[in-house]
Amino acid sequence: MTTSPTTTDLTVETALSEVSPRAAGVLTIDLPAIAENYRRLKAAFLEKAVAAVVKADGYGLGAERVAPVLVKAGARSIFVAQLDEALKLRPLLDRCHPAVALYVLNGLMPGAEADYAEHNILPVLNSLGEIDAWTAFCRARGTALPAAVHLDSGMCRLGLPPEEVEVLRGDPERLAGLVPTCILSHLACADEPGHPMNAEQLAALKAALPALPRAPVSFCNSSGIFLGRDYHFDLGRPGVALYGVNPTPEAPNPMQPVVQLRAKILQVRQIDAPQAVGYGATHRATGPARIATVAAGYADGYLRSISNRGHAWVAGHRVPVVGRVSMDLLALDVTGVAPDVLRPGLWAELLNDEQDVDALAREAGTIGYEILTSLGARYHRVYLD
Ligand SMILES: *Cc1c(COP(=O)(O)O)cnc(C)c1O
């Protein structure tokens, strides 16, 4: 199926014409689409404050490119997972806006307190032990320093478990040395609106909040925003939806697609007799067929589980992945494509308007998050702005 070119396609075509002939694969990242997704999430969050999660290098798309776009779109709180990620981003954020709070979700690692304080990075305190370490550090410095406090409302991952919340309820002085800028909690099943865990976590959070000092409360990841205003509290904390993945898997995607992925055809084989294709000989062409070998593989984040299951687009035709995906290569059955258009250097489209990240994730038996964060470092990257 072919589609008429849209404005975006024309921009992509222009950008691709400037890509080096060396490029074996090109990952296109639409920065205005990320800004638009931020605005859509903010509208769904009823225009209250919305942070942006840019952990794992901006879900694989380049934190240093996407974070400034999100700050410009209005984000005044940025979340990463690791202190190293925060240290890399801090100077860039300072150049974008004078007052962007930068939080580290994975919390305070013992001995790293000074790195947070010196670089204006806020730890998300995930246990009483981390609270005690931060307040001890504050006392030694003679000043109360800001931090977020994370309550576990039922996910059993990070955050203060209920018994530690009860300790705080009985001993509010324990937090005296720090300035809580945010109380956060994380939903385990927000992408399943009917899951009973959602209401249970909401009730657990509401019961825990009086044990803590007043501060803006942040509960909703991308999918949580769509659970409705009861779940919203003060600060949204979306990640994946900013990058175009559907936060409402049971309904049409309210987000704009952000990435496109192409890799070059290296060779086309005409097969006339029965012939096996690829490692393990898992695909067997039984009669005449054409097989295109394409320059992307599992080392590029094109997951091996897509073997014999996935699809790509060549010259407007949807074509199946045949045989096993190998480290650097995959094979497509292009028998249905006119032979005169098939030539080395022609792009095979792996992610496009017809097949978004969620669709490829389904073919790979995984989720959009894993597809995005796996996209390898070998692609040439084209940022549309
Ligand atoms: C990753 C993460 C988010 C963002 O989640 P998305 O599902 O990508 O929107 C928010 N909060 C915490 C604690 C996270 O780990």
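Numerical summary
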{"quantity": "Normalised contact order of region 220-347, rounded percent, pairs of Cα under 8 Å and 6 or more residues apart", "calculated": "20 percent"}
{"quantity": "Check: the chain dipole with +1 on Lys, Arg Cβ and -1 on Asp, Glu Cβ, in debye", "calculated": "560 debye"}
{"quantity": "Stokes-Einstein diffusion coefficient of region 328-385, Kirkwood radius over Cα pairs, 4 °C, 1.567 mPa s, in µm²/s", "calculated": "94 µm²/s"}
{"quantity": "Crossing angle, helix 63-73 versus the chain [Cα axis fit, 0-90 degrees, rounded to tens]", "calculated": "60 degrees"}
{"quantity": "Residue-normalised accessible area of region 55-127, expressed per residue, 1.4 Å probe, Å²", "calculated": "41 Å²"}
{"quantity": "Spin-label proximity, ARG139 to region 105-131 - amide N less than 15 Å from point 7 Å beyond Cα toward beta carbon", "calculated": "129-131"}
{"quantity": "Distance between modelled label sites at MET327 and ALA188, nm, 7 Å Cα→Cβ extension", "calculated": "3.9 nm"}
{"quantity": "Relative contact order, percent, the chain [alpha-carbon distance under 8 Å, six or more residues apart]", "calculated": "18 percent"}
{"quantity": "For the chain, the spread of Cα positions along each principal axis, largest first, Å", "calculated": "80, 43, 38"}
{"quantity": "Cα-based Rg of region 186-344 normalised by 2.2 N^0.38 Å, two decimals", "calculated": "1.55"}
{"quantity": "The chain: angle of helix 7-17 to the longest principal axis, Cα-based, in degrees nearest 10", "calculated": "70 degrees"}
{"quantity": "Solvent-accessible heavy-atom area per residue, rounded to whole Å², over region 282-385 at 1.4 Å", "calculated": "43 Å²"}
{"quantity": "0 to 90° range, to nearest 10: angle between helix 128-141 axis and the chain longest Cα axis", "calculated": "60 degrees"}
{"quantity": "Percent carbon-and-sulfur accessible area, the chain, ignoring ligands, DNA and RNA, probe 1.4 Å", "calculated": "54 percent"}
{"quantity": "For region 277-385: relative contact order, % (alpha-carbon pairs under 8 angstrom, 6 or more apart)", "calculated": "28 percent"}
{"quantity": "Relative packing of peptides 96-102, 76-82 - highest average C-beta neighbours within 10 Å first", "calculated": "76-82, 96-102"}
{"quantity": "Cut-off 18 Å (backbone N to label point 7 Å along Cα→Cβ of ASP353), residues of region 239-266", "calculated": "244, 253-262"}
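The values are calculated or read from the model by the stated rules, or taken from the named source; none is laboratory data. Please read all numbers here as calculations on a predicted model, not as lab measurements. Every residue, glycine as well, gets a Cβ built from its backbone with ideal geometry; the counts of neighbours run over all protein chains shown. Heads up: the accessible areas ignore ligands, DNA and RNA and are worked out on the full protein's heavy atoms, side chains in. Shrake-Rupley method; radii C 1.70, N 1.55, O 1.52, S 1.80 Å.
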